[in-house]
Amino acid sequence: MNAADGPTPTTVVLLGCSSAATPTRQPVIPVMAAAAAAAAGEFRLGQRVHAVGDPRRIGTVRYLGPVEGHSGDWVGVDWDDGAGGRHDGSVAGRRYFVAAGERSASFARPTALSKGMSLPDALRLRYRVEDFTKEEQDEMYVFSTSQKRVSVEFVGQNKVQEKLKNFNDLTSASVSYMGVSSIGPPEELKSLVPNLRLLDLSGNLFSQWQDISALCQALASVEVLNLTNNIMENDVTESPMLENIRILVLNNCGVTWELVEKFKVSFTCLNELHLMSNKLKMIMTPDGKFVQGFNALRLLNLEDNNIDSWDEIVKLSYLKSLEQLHLNKNRIKHVKYPSNHPSHGPLDDASAVPFENLQVLLLGSNEIDDFSSVDSLNLFPSLRDVRLSDNPIADPAKGGAPRFVLVARLGKVKILNGSEVSPRERRESEIRYVRLVMGKTQSNDQEEIKRLHPRFAELKAFHGIEDEKPTSSTSGPQKMSSGLINITLKCVGPSMGEKQPLTKKLPPTTTVGKLKSLCESFFKLKDIRVKLFVEEEGCPLPQLLEEDTASLMELGIDSGANIVVDEES
C-alpha cells in the first residue's frame, strides 16, 4: 500500500493476509516507543476503540507502530466477535500481536478509529431533544399520497421536550453503543444528572475499574448499572465503598471470578449480580473453599457460562441472602445437595445451612441426565421454583421423564419450567407416578424401590393407593370392568376430518401400539398413520407417546386422561 492510499477519516483500512498462510512460529515485533504511540494518535495498548462512524464495531488496541512494507503508523485492533477482521495479528509472515481469533484482527490508520466520547456528551446527544439530526427530523414527517412531507405531531411532544431540558428530572438513561469511553469531569456529570437511578452503558468502551468507581462516586443516586459488552480489565485496586449500587450487570465483560472477589469489597450492598456469557468455568476463592461476603446478594445470574462441575456451585452455598441462582446454559451434569457437616461450612459454623434461603434454581439447558439429581432438589430447604427444561432427564424424546414424573418427584416445587404446579396437577401427577412405578416395578425389595423412587412409599400412602391383588370373589366381566380406565380420544389430524371426541374404557395394560390400532378402528381412519399425545396440565404442548410397547399403566395414564390423535407427517 502506498502512502497515497491512506484512509479517509471515516474509513477503516485493513491490512494482512489470512492467518492460514502464516508460519506457526514467528517473532513478535516489539511495540514501538512513545513516539510511535504518539504518531498513532495517542492510543494505548489495551484501549477500547470503535470504527469511526460505527460505534457497534468495537475492538481492543493490541499494537501501535509501523507495519513492514506500508508507510506511516498503524493501530493493530483485535475486534470483538471477529467484526470483519482479516488475520490473527500477523501479516506477510511477521507477527505483530496475538489476536483472539484466526480472523479477528486488522490494522487501521489512527484516523479511522475513535477513542469515544465522554458520558456527559453522550447524555446530551441522546436526551437534548431540541437539537434533532437530519435522520431524526426525517422521522418526524410522513409522505402523503402526493409524496409531500407532512409533519407528524407527537402527543405530549412539547411536554417531553420541556421536561428533558432539565436533566434534574432524568432518573433512567441509556447510552448503549454510543462509544462512551470516559465519565468526563466528575463534577460536570454530577451536576448534569443528579437524580439518575438507572444507567445503561451496554456496548461502550469502558475497560478500567477506576473509571467505574469514579462513575459510581459521582452519581451517588445510581442504583442500577448495566455494563454489558464492556470488556473489563483485571485491574481492581483499592477502591472506595460503593454502597449505592444495588444491581450490577456484567454480562459478556470478560469477567473472571478472581475479579469478582476483588470488586465485591466495594459493592457491599449488591442485591443482584449478573455475570452471563463470561466463559466462567471455575469459582476461584482466596482459600479455595466457599464464597463469603455479598451479605445482601439475593440474585446471582451465571447463565451461559462453561461451568461443568456442581462442586463449583457448592462454593456459593453459604451466601446467606441468596434467593435466586440462575445456571441455565452451562454444562452441569449432576446436582447434589451439599452435606451439612460442621467442617464443611464457613468458619466451621455448625449452625450454617447450605442454600438456606434459595427459592429459585434455574438449571435449564444443561446436561443433567440422572434422577438422583432431580431427587436431591427436595433437600434444598426453601426451593420452590425449578427449571430443568432442555436437559436429557426432562426430555422424553431422549429417554427423559415427562412433566408429571418430575412434578411427583419434586415434592415442594410450586413452579416447574416456568409453569405453575396447581394442586390439581400435583395430585394427578403423583397418582399417575405411583401407578407408573407399580406397573414397572418387578422387585419387592423395598430398599431398592426407595433408592430408585424416594417418594414412592410416601405418595402411595398419602393418596391411599392399594396394591392390585386378584380376589376370588370377583370374576368374569365384573372383574374385567372394575379395572378399566376412562380415556377421552380427540382427533386433530388435518386429513381426519371433523370427528367428535370419544370416551372409551380400556384396560390399563393397553399398549400405545394397540391404542393406535384402536383409534384407526374407532375413527375409521384408512391409510393414515397415527401418532398419539397425552395432554398434561402445566405443559404448553401435549406430550408425544413414542414407545409403542409401553402400556398406559407404565406411562402413568389413568382415568380422565385426554389422548390427542394426530397423523404422521
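Counting only residues that are of a type in the set (Asp, Glu) and closer than 27 Å to His50 by Cβ, which one in the range 217-253 is modelled with the highest pLDDT? Steps first, answer last, please.
If we filter the range 217-253 for residues that are of a type in the set (Asp, Glu), which is where we start, we get 223, 233, 235, 238, 243.
From the residues that got through so far, the ones that are closer than 27 Å to His50 by Cβ too are 233, 235.
Details: Glu233: 88, Asp235: 76.
So the residue we want is Glu233.
Regarding the range 296-305, can at least one residue be identified that is part of a loop (DSSP other than H, G, I, E, B), open to solvent by 40 Å² or more (accessible area, probe 1.4 Å) and assigned by the TED database to the domain that holds Glu238?
Step one: of the range 296-305, the residues part of a loop (DSSP other than H, G, I, E, B) are 296-298, 302-305.
Pick out the ones that are also open to solvent by 40 Å² or more (accessible area, probe 1.4 Å) and you get 298, 304.
Narrowing further to those that are assigned by the TED database to the domain that holds Glu238: 298, 304.
Yes, because at least one residue in the range 296-305 is part of a loop (DSSP other than H, G, I, E, B), open to solvent by 40 Å² or more (accessible area, probe 1.4 Å) and assigned by the TED database to the domain that holds Glu238.
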**OP:** Scan Trp310, Trp257 and give me the residue that is in contact (Cβ under 8 Å) with a residue 24 or more places away in the chain, touching a Leu at 6+ places or on another chain (Cβ under 9 Å) and either crowded, with 16+ Cβ neighbours inside 10 Å or among the small types (Gly, Ala, Ser) (or both).
**Re:** Trp257
**OP:** Can you give me the number of residues within the range 263-285 that are under 14 Å from Ser239 (Cβ atoms) and touching a helix residue (DSSP H, G or I) at 6+ places or on another chain (Cβ under 8 Å)?
**Re:** 2
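Taking the conditions exactly as written (surrounded by fewer than 17 Cβ atoms within 10 Å (Cβ to Cβ) and assigned to a loop (DSSP other than H, G, I, E, B)), does Glu547 satisfy them or not? Lay out the reasoning, then the answer.
Values: surrounded by fewer than 17 Cβ atoms within 10 Å (Cβ to Cβ): yes; assigned to a loop (DSSP other than H, G, I, E, B): yes.
Against the criterion (surrounded by fewer than 17 Cβ atoms within 10 Å (Cβ to Cβ) and assigned to a loop (DSSP other than H, G, I, E, B)), Glu547 qualifies.
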**OP:** Give me the pairs, please: first residue somewhere in the range 506-531 and in contact (Cβ under 8 Å) with a residue 60 or more places away in the chain, second residue anywhere and of a type in the set (Ser, Thr, Tyr), beta-carbon distance under 9 Å, and either six or more positions apart or on two chains.
**Re:** Pro508/Ser551
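State yes or no: is Ser551 at pLDDT below 90 and not assigned by the TED database to the domain that holds Gln442?
Numbers: at pLDDT below 90: yes; not assigned by the TED database to the domain that holds Gln442: yes.
Taking the combined requirement at face value, the residue satisfies it.
For (1) touching a Lys or Arg at 6+ places or on another chain (Cβ under 9 Å); (2) hydrophobic (A, V, I, L, M, F, W, C), each residue gets a yes or a no:
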| position | (1), (2) |
| --- | --- |
| Asn357 | yes, no |
| Leu362 | yes, yes |
| Ile368 | yes, yes |
| Pro392 | yes, no |
| Ile415 | yes, yes |
| Arg424 | no, no |
| Tyr433 | yes, no |
| Gln442 | no, no |
| Glu447 | no, no |
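Could you identify the single residue in Ala4, Ala36 that is more than 30 Å from Leu215 (Cα to Cα), modelled with pLDDT under 50, touching a strand residue (DSSP E or B) at 6+ places or on another chain (Cβ under 6 Å) and outside the structural domain of Phe206 (by the TED database)? Reasoning before the result, please.
Values: Ala4 fails: touching a strand residue (DSSP E or B) at 6+ places or on another chain (Cβ under 6 Å).
Just a single option satisfies the conditions, and that option is Ala36.
Would the range 350-361 turn up any residue that is among the hydroxyl-bearing types (Ser, Thr, Tyr) and free of Cβ contacts under 8 Å to residues at least 12 places away in the same chain? Before the answer, list the steps.
Quick first cut of the range 350-361, residues among the hydroxyl-bearing types (Ser, Thr, Tyr) only: 351.
With free of Cβ contacts under 8 Å to residues at least 12 places away in the same chain added as a condition, the list becomes 351.
Yes.
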**OP:** Tell me which residues, restricted to the range 174-210, are under 20 Å from Glu243 (Cα atoms) and either open to solvent by less than 40 Å² (accessible area, probe 1.4 Å) or among the aliphatic types (A, V, I, L, M) (or both).
**Re:** Ile183, Leu189, Val193, Leu196, Leu198, Leu199, Asp200, Leu201, Trp209
Subject >> Residue, most open to solvent (accessible area, probe 1.4 Å), within the range 360-380, restricted to residues that are within 22 Å of Asn306 (Cβ to Cβ) and hydroxyl-bearing (Ser, Thr, Tyr) >> reply: Ser365
Original post:
Cβ-Cβ below 7 Å, separation at least six or inter-chain, first residue in the range 550-564 and of a type in the set (Ser, Thr, Tyr), second at pLDDT 80 or above and part of a loop (DSSP other than H, G, I, E, B): which pairs?
Top reply: Ser551/Pro508; Ser551/Thr509; Ser551/Thr510
**OP:** Restricting attention to the range 507-524, report how many residues are outside any loop (DSSP other than H, G, I, E, B) and either more than 15 Å from Lys490 (Cα to Cα) or not acidic (Asp, Glu) (or both).
**Re:** 11
**OP:** Keeping to the range 52-66, report how many residues are farther than 19 Å from Met232 by Cα and surrounded by 21 or more Cβ atoms within 10 Å (Cβ to Cβ).
**Re:** 1
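Report whether or not Ser106 is part of a strand (DSSP E or B), more than 30 Å from the chain's Cα centre (by Cα) and modelled with pLDDT of 60 or more. So that I can check it myself, show each step before the final result.
On the way: part of a strand (DSSP E or B): yes; more than 30 Å from the chain's Cα centre (by Cα): yes; modelled with pLDDT of 60 or more: yes.
Judged against the criteria, Ser106 is a match.
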Subject >> Enumeration of residues in the range 522-544 that are at pLDDT 80 or above and open to solvent by 20 Å² or more (accessible area, probe 1.4 Å) >> reply: Phe522, Lys524, Lys526, Asp527, Ile528, Arg529, Lys531, Phe533, Glu535, Pro542, Gln543, Leu544
Subject >> Output for the range 390-434, where each listed residue is more than 20 Å from Glu323 (Cα to Cα), assigned to a loop (DSSP other than H, G, I, E, B) and open to solvent by less than 30 Å² (accessible area, probe 1.4 Å) >> reply: Asn391, Gly400, Ala401, Ser422
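The values are calculated or read from the model by the stated rules, or taken from the named source; none is laboratory data. Quick caveat: nothing in here was measured; it's all calculated off a predicted structure. Virtual Cβ from ideal backbone geometry, glycine too; neighbours counted across all protein chains shown. The protein model used for the area step is the full one, side chains on, heavy atoms only, and it has no ligands, DNA or RNA in it. Shrake-Rupley method; radii C 1.70, N 1.55, O 1.52, S 1.80 Å.
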